[in-house]
Structures are given as C-alpha cells and as structure tokens.
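Below is one structure, written out as structure tokens; the observations come after it.
The values are calculated or read from the model by the stated rules, or taken from the named source; none is laboratory data. No experiment lies behind these values; they were computed from the predicted model shown. Note that each Cβ is placed from the backbone with ideal geometry, even for glycine, and that neighbours are counted across all protein chains shown.
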Amino acid sequence: MKKSFPFIFLIIAVLASTLIHAQPIVTTSAPPYNSDTYLVNSVLMGSGVSGYNITGYGQNIQKGFFSNGFGAIGIDSGLVMCSGNVTNIMTSTGPGASTNIINAPNQGGGDADLLATAQSVPALIGAGFSVPSVQDAALIEFDFVPTSDTVEFNYVFGSDEYLTWINTAFNDVFGFYLSGPGISGPYSNSAINVANVPNTTPPLPITISTIHPGLNGQYYNTGGALLAYNGY
C-alpha cells in the first residue's frame, strides 16, 4: 500500500491554469494551519502514519493549507509552502484577470541542503552560472515510520522568476530530502533528494533552470488565469 503525501511547493510560486471552469484555490495559514505539527499529521501524512520530532523553518505565513485545487492543479487539497505569503498565490479568474501577488519583505535565510541542490545544477546541465546563496526558505522536517514499502508524494512547483532568471544566480529550487536506514546520500543525515526531473540521468533536481521551455519543456507550463506566477 502506498502512502500518499498531497503537497504543493511554492518558491514564490505555483498553481495551474485549466481549460475547465475551475474555482479559485483557497489557501490559509490561520490556526490550526500555522502549526508544523498539525500540517504534518493532519494534512501531509496519509492515514495510519504519524510524524514526530517535527521542526520547521520560516515564518508561519510561508506554510499552510490549500483546498479546492483539483480543477486547477489536479490535487484537491494539501500542504502549501512558499518563499512568501501563501495567501498570495492565486489570481482573480477570467480572461485577462489581474494577479494578486503582493510584494512582501524577505522572509528569512536559506538552507544548506537547498543551496547545495541549487549549486549542483550548472555542472549537471553544462551551464556557466553559479548560485552563491538561497534565501526565504520554507522547511518542514519530521521523522516517520512507514507501514509499507513505498512512500509517494504529489507536488507542483512554480516560480515567479520564470523565464527571466533561468540559468542565473536566482535559481529557485525545491527539495524533498529522505534519510533513514539503508539510505546514503550527500545531504544532511546522509539524505537523498527524491524530487528530481523524471527520466534524467544523472537525476536533475527541481529548479527553474532544469525545467523550462528550453529544457525538459514537457513539464513546463506558463501561468494562466488561475495563477499569479509566471510558470510552473
């Protein structure tokens, strides 16, 4: 039996447009969705599994709950994480609708694993840019004991840095790091990053420089009427 994690990750981004008459996605970071423990055990984890030793990084407004998302992104509800405020990820609906992005002050610092992931990309794609730092990270870390042999999660990644800043120092990045018995990787606690572009060898991590119209374009979408960001 698979354990499924419904998940939206936003590095100043995400959401999908749709050709059907979808309703706007609803997001909130209000109580109880301002608690990392609640988000892990009541939103992210599948039935029969609980997380413990739960810690987080970033402001409360960077993490929360989304609902009414099936028509727009194919995931009905789940965890939303963002480098800014999660309540600013949707737009008004309809042709030519204006966006609802609000410029917010920087939320905080970065993370060593996210930085290492972003910095690995230039060599993997044969590009000459470098990534000196990452900022405004939103993180949740937790332990869990699986009850089956498969862990599965669904996610959407997007960025307002598309397409201007691909292959530059502003390489927005997403990571899902897994550690445990029998796992030996290059990240903290010998973790591996399981969020990679499908069917790439060596695996390419998820960043704006590894998925865009010029590279792995089959996975790239332009923002639309239900999306306040440039691409996802």
Restricting to the range 112-140, give me the number of residues that are under 16 Å from Gly175 (Cα atoms), without any contact (Cβ under 8 Å) to a residue 60 or more places away in the chain and polar (S, T, N, Q). 3
When Gly74 is run through (1) at positive phi; (2) out of contact with any strand residue (DSSP E or B) (no Cβ under 6 Å at 6 or more places or on another chain); (3) at pLDDT 75 or above, the failure sits at (3)
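Residues are listed down the side, and each one gets a yes or a no for (1) free of Cβ contacts under 8 Å to residues at least 12 places away in the same chain; (2) farther than 19 Å from Asn171 by Cβ; (3) of a type in the set (Lys, Arg):
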residue: Asn193; (1), (2), (3): no, no, no
residue: Pro198; (1), (2), (3): no, yes, no
residue: Thr201; (1), (2), (3): yes, yes, no
residue: Thr210; (1), (2), (3): no, no, no
residue: Pro213; (1), (2), (3): no, no, no
residue: Asn216; (1), (2), (3): no, no, no
residue: Tyr219; (1), (2), (3): no, no, no
residue: Asn230; (1), (2), (3): no, no, no
Any idea which of (1) of a type outside the set (Lys, Arg); (2) modelled with pLDDT under 95; (3) under 25 Å from Ile54 (Cα atoms) is the one Asp160 doesn't satisfy? (3)
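Residue under question is Ser47, and the condition is that it be modelled with pLDDT of 95 or more and farther than 25 Å from Ala228 by Cα; does it hold?
no
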What are the pairs, 6+ residues apart or on separate chains, where a residue within the range 24-43 that is buried (at least 20 other Cβ atoms within 10 Å of the Cβ) has its Cβ under 7 Å from a residue that is part of a helix (DSSP H, G or I) and at pLDDT 95 or above? Tyr33/Leu39
Every residue in the range 190-199 that is polar (S, T, N, Q) and within 21 Å of the chain's Cα centre (by Cα), please. Asn193, Asn196, Asn199
Out of Gly64, Gly56, report the one residue that is modelled with pLDDT of 50 or more, touching an Asp or Glu at 6+ places or on another chain (Cβ under 6 Å) and buried (at least 16 other Cβ atoms within 10 Å of the Cβ). Gly56
